[in-house]
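What follows is calculated from the coordinates using simple rules that are stated; it is not laboratory data. Note that the coordinates shown come from a computational prediction; the quantities given were computed from them, not determined experimentally. In this analysis, Cβ positions are derived from the backbone assuming ideal geometry, glycine residues included, and neighbour counts consider all displayed protein chains.
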Amino acid sequence: MDKKTIYLASRSPRRAELLQQIGLNFMVLPSDIDETPLLDELSHDYVVRLAGEKAQACFAKLQIDKMDIYPVLAADTTVSVDGRILGKPQDDDEAFQMLSSLSGRSHEVHTGIAVATLDGVKTLLSTTRVEMPKLTDEKILAYVATGEPRDKAGAYGIQGLASTMIKRIEGSYSGVMGLPIYETTMLLEQVGIVVL
């Protein structure tokens, strides 16, 4: 088996960029699964479950379509505040509401990662605490108007303009981007993928 090649079960350009950064070869094989949270599901359980289901669904597709078998890496990221899961906003109004709820306080960003192989699915969780200063309505509206929040969990991207609204983080910067590099490397090494 090629020890540097995997499938990425995601269309995220940020995840692709992070994998390129660590020198892995990958082919994008997006998954389409139901991402509805289960009743009373905790945010950290939710992202680990989704990552596992995405990896499993893509690996099954490889076998059905008789494609080359390489490990499948999947990830899912969500923002959690007061126990609520903040996914991607449906519109600008929801983005404004999400950012208002994060203003002047800390929240958690959970990223679940999973790798599927013939031996099954392995998962890990990365949690990062992020603190935002108090944001004025004008600043939130200006940020929402850029369009950046539209496809981001919690309505912001730490690697973009929202970096001006992040006071402090405790944990993994790449995890907040959507793919915690340390945990991803650990998981891939467990299935024989060599990063260094």
Fewest to most neighbouring Cβ within 10 Å: what's the order for 189, 183? 189, 183
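May I ask for the net charge around residue 40, where only other residues with Cβ less than 15 Å from the Cβ of residue 40 are counted and Lys, Arg are +1 while Asp, Glu are -1?
-1
What order do you get for 126, 163 when you list them from fewest to most C-beta neighbours inside 10 Å?
163, 126
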Give me the lysines in straight-line cross-link reach of residue 139: C-alpha distance below 22 Å, same-chain residues under 8 apart excluded. 88, 152, 167
Average Cα contact separation per residue, the chain, under 8 Å, 6 or more apart, as relative contact order %: 23 percent
Looking at the chain only, what percent of DSSP beta bridges run antiparallel? Nearest 5 please. 80 percent
For a quick check, take a GNM of the chain with Cα springs below 10 Å and name the residue from 114, 51, 145 with the largest mean-square fluctuation. 145
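Report the local net charge at residue 50: Lys and Arg +1, Asp and Glu -1, summed over other residues whose C-beta lies under 11 Å from its C-beta. Before the final figure, lay out the partial values.
Values: positive: 49, 54; negative: 34, 35, 41, 45, 53, 76.
Overall, the nearby charge balance is -4.
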If the cut-off is 23 Å between C-alpha atoms, which lysines fall inside it for residue 61, apart from same-chain ones fewer than 8 positions away? 3, 4, 122
In the neighbourhood of residue 28 defined by beta carbon distances under 15 Å, the net charge of the other residues (Lys, Arg +1; Asp, Glu -1) is +1
